[in-house]
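To keep things clear, I will list the structure first and then write my remarks on it.
The values are calculated or read from the model by the stated rules, or taken from the named source; none is laboratory data. Nothing here was measured: the structure is a model prediction, and the numbers come from that model. Every residue, glycine as well, gets a Cβ built from its backbone with ideal geometry; the counts of neighbours run over all protein chains shown. Side chains included, ligands, DNA and RNA excluded: accessible areas come from the protein's heavy atoms. Shrake-Rupley method; radii C 1.70, N 1.55, O 1.52, S 1.80 Å.
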Amino acid sequence: MSMCLFINNDDAFLEPHNDIISTALVVIGFVVFAAIVSQTYLTFDDNSYALENYKQASMIAKDIAEYPGIQGSRTDLISADALDHICVPVKDHQMHEMFFQRFSSNLDFYVEVATNDGNYQWTIQQGSSGSSHRDIIAASVPVVIELGNSANCVPGTLTVRMWKNSWI
């Protein structure tokens with residue numbers, strides 16, 4: 001008799017379909033949650049990379065601004081003549097190599113020095129330019145550029161642009 005009731009009872013036929021809908025909603029909710037957490041982590045990772053490398057680029061820019069090899073007649077001036085020797089195209093390869101020897105070969109960066117009026121601009125780079133790379137971090141410091149003699153000085157900006165290494 002009890003077997004007959006089990007077979008003839010139609011109330012239980014809809015119950016498995018309700019479980020499938022509930023399970024699907026839970027799975028969709030979990031996937032959305034996982035996507036939000038993943039996107040949050042990727043954003044945090046990018047921001048921490050940018051902050052860390054901005055600090056590094058800023059320290060390199062300050063170091064280059066104080067580099068004795070490009071100083072003018074005073075320590076607070078940068079010589080345009082020295083920049084002419086090491087900028088692209090390089091005229092003094094030994095001076096250019098000494099400029100980059102102070103830094104790790106794992107650092108990919110180049111330096112731009114320009115007067116604020118835009119009349120003069122120098123680019124110092126080792127190897128190929130990183131301008132085609134997407135993730136570029138830049139830091140600038142104000143400098144005074146000596147054009148010929150100490151009486152002819154103009155304000156300018158020294159900018160270091162770094163990009164992410166391929167092995168990072």
Put THR23, THR123 in order of accessible area, largest first, probe 1.4 Å, and you get THR23, THR123
So, with points 7 Å from each Cα along the Cβ direction, the GLN121-ASN152 label distance in nm works out to 2.1
Quick note, segment 31-163: a/c under 1.5 would make it rounded; otherwise a/b > b/c is prolate and the rest oblate (a ≥ b ≥ c, C-alpha gyration tensor); here it is prolate
Under a 1.4 Å probe, counting only protein heavy atoms, VAL26 has an accessible area in Å², nearest 10, of 100
